1. Name the residues in region 138-192 that are aliphatic (A, V, I, L, M) and in contact with a strand residue (DSSP E or B) (Cβ under 6 Å, 6 or more places away or on another chain), would you?
2. Residues of region 347-358 being more than 10 Å from ligand 1 (Cβ to nearest atom) and either at pLDDT below 95 or touching a helix residue (DSSP H, G or I) at 6+ places or on another chain (Cβ under 8 Å) (or both), which ones?
3. Do any helices (runs of 4 or more DSSP H) entirely within region 47-132 hold 1 or more residues that are out of contact with any Ser or Thr (no Cβ under 7 Å at 6 or more places or on another chain) and at pLDDT 80 or above, and if so, which?
4. Of the conditions (1) within 23 Å of residue 62 (Cα to Cα); (2) in contact with a Ser or Thr (Cβ under 6 Å, 6 or more places away or on another chain); (3) part of a helix (DSSP H, G or I), residue 195 fails just one. Which one is it?
5. Residues of region 291-312 being in a loop (DSSP other than H, G, I, E, B), polar (S, T, N, Q) and surrounded by 14 or more Cβ atoms within 10 Å (Cβ to Cβ), which ones?
6. Please work out which residue is modelled with the lowest pLDDT, limiting yourself to region 243-260 and to residues that are farther than 18 Å from residue 390 by Cα and surrounded by fewer than 19 Cβ atoms within 10 Å (Cβ to Cβ).
7. How many of the residues making up region 386-408 are aliphatic (A, V, I, L, M), surrounded by fewer than 17 Cβ atoms within 10 Å (Cβ to Cβ) and not in a helix (DSSP H, G or I)?
8. Pick out the one residue from 336, 328, 371 that is more than 16 Å from ligand 2 (Cβ to nearest atom) and surrounded by 21 or more Cβ atoms within 10 Å (Cβ to Cβ).
Amino acid sequence: MPRDPSHKPRLPLLLLTSLLILILAAFIPSITPRLTLILSHLRSQSTTPNLTKMTSLYSRELEIAQLAVQRASILTKRVFHETSKGTVSKDDASPVTIGDFGAQALIISALKHNFPHDEIVAEEEATELRANPPLRDQIWELVRTTSLDDVAAEGLLGGGIKDADAMLDIIDQGNSKGGKVGRVWTIDPIDGTKGFLRGGQYAVCLALLEDGDVKVGAIGCPNLPVDDAAPLTADIGANATDDEGRGVLFSAVIGQGATSRPLKAGALAEGRSISMKPLTDMSNASFCESVEAGHSNQSESAQIAQKLGITKQSVRMDSQAKYGSIARGAGDIYLRLPTSKTYQEKIWDHAAGDLIVREAGGQVTDIKGNRLNFGVGRTLATNSGVIAAPKAVHSQVLSVVQEVLGVK
Ligand code: AMP
Ligand code: MG
């Protein structure tokens with residue numbers, strides 16, 4: 001029979017196919033488990049309800065933020081105690097300066113170790129320290145000797161800083177302009193410096209912004225009671241140093257609620273979910289404001305309280321401890337009323353507190369009723385003042401604020 005001219009010899013094709021089968025047979029055993037893993041991961045992503053997926057979001061950022069705040073809080077406590085014992089001389093430099101720089105160095109070092117590409121907006125810069133070697137060395141000594149007493153936790157933060165010069169460079173890495181693009185951390189190493197000095201309330205504050213939105217917040221308050229249910233008393237703003245039963249760490253992640261836990265010296269303590277108190281009767285409400293009359297108008301807040309029917313005296317305390325206190329239901333309302341038309345609030349003074357209160361069931365706006373806008377740079381340039389209250393009563397509080405302040 002004549003051969004079909006289009007017919008090609010089958011042998012090479014057969015050889016090629018068998019070779020392919022041989023290769024696949026050799027690799028399949030190692031590929032299969034990986035394929036199964038990938039498939040099961042994809043399956044879990046598509047079938048897991050949203051809530052479960054959310055819980056793992058930002059978990060690493062939250063852990064690092066809390067540990068970094070915890071470690072920096074230890075440094076601030078050492079500065080306070082060593083100042084009163086005379087180890088840190090009051091004549092050399094303000095203990096606030098020492099604590100501020102030291103805490104900022106430790107926090108930035110932990111952030112850069114874990115998230116090297118993130119930007120940082122922090123309050124301090126090291127120019128003063130470069131010009132003052134004795135001050136630099138004093139701070140370096142504290143930074144060098146402060147660590148978490150849990151090896152694994154300290155390891156997560158990357159351990160210590162190499163030397164004093166590296167510490168200065170690290171402090172200067174907090175110079176980002178902020179803005180509404182990308183990941184930006186914001187740090188207030190000691191918020192409430194006057195409170196820190198008087199042994200009252202102060203806070204070590206850290207928040208992560210993503211495209212201008214607060215995603216993670218952590219606030220260490222060494223002088224607040226650990227007990228979330230402890231009522232706010234008028235004397236909370238002074239003589240409240242970190243004795244037994246004091247020191248609390250607040251935190252929140254967007255969409256996952258807010259938490260408080262005792263502030264420890266090593267690994268993180270167990271957390272408890274916190275929420276604002278349901279406020280049914282304004283006459284029982286307590287409101288918080290700054291100790292410093294220059295930071296918030298206290299005569300206007302008294303008028304607002306009276307119009308709202310609030311009968312209790314305001315509770316005055318420094319720092320973002322106010323946000324933490326209302327978030328856990330110890331207080332109810334936080335008013336910050338502008339004392340000047342030109343002052344712009346700093347993002348590091350509000351970012352963590354804003355998220356923690358909102359995640360605890362509150363609403364936070366400025367006096368015009370706008371959400372705080374963290375995406376316009378280092379300050380809240382488009383906002384004026386702060387009103388934080390449980391969601392259910394926020395509009396009532398806002399309308400009285402606007403009436404008293406003449407805001408349209
Ligand atoms: P507080 O302890 O709540 O009174 O707030 C402390 C913060 O107030 C500090 O970290 C300062 O950044 C900020 N601050 C300084 N001057 C003013 C001002 N004129 N109005 C509002 N806040 C201010
Ligand atoms: Mg501050």
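The values are calculated or read from the model by the stated rules, or taken from the named source; none is laboratory data. Remember, predicted model here, so these are calculated numbers, not experimental data. Cβ coordinates were reconstructed from backbone atoms using ideal geometry, including for glycine residues, and neighbour counts include every protein chain displayed.
1. Just the residues of region 138-192 that are aliphatic (A, V, I, L, M), to begin with: 139, 142-143, 148, 151-153, 156-157, 161, 164, 166-168, 170-171, 181, 184, 187, 190.
Answer for region 138-192, where residues must be aliphatic (A, V, I, L, M) and in contact with a strand residue (DSSP E or B) (Cβ under 6 Å, 6 or more places away or on another chain): 184, 187.
2. Correct list: 352, 354, 356, 357.
3. Numbers: elements: 50-55, 59-84, 95-114, 127-130.
The helices (runs of 4 or more DSSP H) meeting that bar are 59-84, 95-114, 127-130.
4. If we test residue 195 against (1) within 23 Å of residue 62 (Cα to Cα); (2) in contact with a Ser or Thr (Cβ under 6 Å, 6 or more places away or on another chain); (3) part of a helix (DSSP H, G or I), just (1) comes out false.
5. Narrowing region 291-312 to residues in a loop (DSSP other than H, G, I, E, B): 291-297, 309-312.
Imposing the further condition that a residue be polar (S, T, N, Q) reduces the set to 296-297, 311.
Selection gives 296, 297.
6. Checking each candidate, the answer is 243.
7. Adding up the residues that qualify gives 1.
8. Values: 336 fails: more than 16 Å from ligand 2 (Cβ to nearest atom); 371 fails: surrounded by 21 or more Cβ atoms within 10 Å (Cβ to Cβ).
Only one candidate passes the filter, namely 328.
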